[in-house]
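The structure appears right after this line, and notes come after that.
The values are calculated or read from the model by the stated rules, or taken from the named source; none is laboratory data. Not measured: the values here are computed from a predicted model. Every residue, glycine among them, receives a Cβ derived from its backbone with ideal geometry; neighbour counts consider all protein chains shown. Accessible surface areas use protein heavy atoms only, side chains included; no ligands, DNA or RNA. Shrake-Rupley method; radii C 1.70, N 1.55, O 1.52, S 1.80 Å.
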Amino acid sequence: MVRASRVAPCLFVIALMSTLIPTLLSVGFGAHHTSPIDQLFRDFERQPLDHQGRIALRALRNRFREESILHPPATELEQLQRIDAVLLCASGLIDDRQYLDATGSSKSPLQQLRYELRQMHRETHRLKLLSLDIQRRNTP
């Protein structure tokens with residue numbers, strides 16, 4: 001014979017599990033439906049980037065997430081404009097081949113210019129550091 005003191009905790013556990021499992025399943029299935037912007041960032045993160053590029057990509061992702069939380073897109077047009085903005089910003093971080101791998105399309109002329117501008121900025125920064133190093137060595 002089953003004691004009443006053992007039945008009550010078992011019923012409680014069964015009731016808890018019957019409400020907890022469907023909630024966990026719905027949350028788990030909801031996690032698979034990501035926004036197009038999150039999917040773009042995942043595709044970009046899979047590309048080989050230097051350390052500074054990864055930092056810039058994370059900062060960009062965090063900025064767009066914060067903007068989406070504060071000002072969710074009201075229309076499909078606003079969502080498409082945000083996707084275009086993400087593509088333009090991220091195109092400066094990755095080269096043409098990486099962009100093609102991540103998005104399946106080639107860069108627009110504006111996106112190519114964004115990448116070239118970043119490359120020129122990096123080279124200018126490298127030359128500036130080199131110049132400072134040469135000046136330090138020549139200073140008695």
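Observations on the structure shown:
- In the stretch 52-106, the qualifying residues are those that are among the hydroxyl-bearing types (Ser, Thr, Tyr) and out of contact with any Asp or Glu (no Cβ under 8 Å at 6 or more places or on another chain), and the one that is nearest to ARG122 (Cα to Cα) is SER91.
- Residues of the stretch 109-138 satisfying the condition of being without any contact (Cβ under 8 Å) to a residue 24 or more places away in the chain and within 22 Å of GLU67 (Cβ to Cβ): LEU110
- Listed by first and then second residue, the pairs with beta-carbon distance under 7 Å, at least 6 apart or on different chains, first residue in the stretch 61-86 and polar (S, T, N, Q) and in a helix (DSSP H, G or I), second at pLDDT below 90 and open to solvent by less than 100 Å² (accessible area, probe 1.4 Å), are GLN79/PRO73.
- Extreme residue, farthest from ASP96 (Cα to Cα), among residues of the stretch 51-62 that are in contact with a helix residue (DSSP H, G or I) (Cβ under 9 Å, 6 or more places away or on another chain) and surrounded by fewer than 15 Cβ atoms within 10 Å (Cβ to Cβ): ARG58
- Of everything in the stretch 87-101 that is aliphatic (A, V, I, L, M) and outside any loop (DSSP other than H, G, I, E, B), the residue that is nearest to LEU57 (Cα to Cα) is ALA90.
- Candidate set from the stretch 102-140 (those that are part of a helix (DSSP H, G or I) and modelled with pLDDT under 90); member that is least open to solvent (accessible area, probe 1.4 Å): ALA102
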